[in-house]
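Asks: One structure, as structure tokens, below. Some questions next.
The values are calculated or read from the model by the stated rules, or taken from the named source; none is laboratory data. On a predicted model such as this, the values are computed, not experimentally measured, just so you know. As a convention, Cβ positions derive from the backbone with ideal geometry for all residues, glycine included, and neighbour counts pool all protein chains shown.
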């Protein structure tokens, strides 16, 4: 009997079983918000992080050591990207989303569909050069699988030392 496709997709997050794992690494994290200006102020002023955002823009990036990409995404813009219509914003949950870098978005999307996950945006070439597919987790959080080999690579696995 074959392994569960979702287990294969997400297995790389919990252990070294790389034989069948599709996930290369966590590509990034983003917060989906209704008020991007308030979110930018929070990250700049309260957390004292460097934020790259131009007034009127629907996306911002936050520099966080150890995170390949951290973004702040206006919910209406997320709806426009995912569903093709900004007025569908209520279909996008507020909160955090995670992006997973994979070797093949096509294989990852097929595995997600085979496991019954809600793929809300099929494979697409984004205007910024990334190939993505987006899905909802069982709790309703928006996540993505992506191919961005030109943008980043993990040179070695991260090892964390836990308390004694």
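Asks: Of the conditions (1) more than 18 Å from residue 126 (Cα to Cα); (2) more than 16 Å from the chain's Cα centre (by Cα), residue 31 satisfies every one except a single condition; which number is it?
Replies: (2)
Asks: Take the stretch 66-104 and flag every residue that is over 13 Å from the mean Cα position of the chain (by Cα) and farther than 30 Å from residue 56 by Cα.
Replies: 103, 104
Asks: Which of the numbered conditions does residue 148 fail, given that it passes all the others? Conditions: (1) touching a strand residue (DSSP E or B) at 6+ places or on another chain (Cβ under 8 Å); (2) modelled with pLDDT of 90 or more.
Replies: For residue 148, the exception is condition (2).
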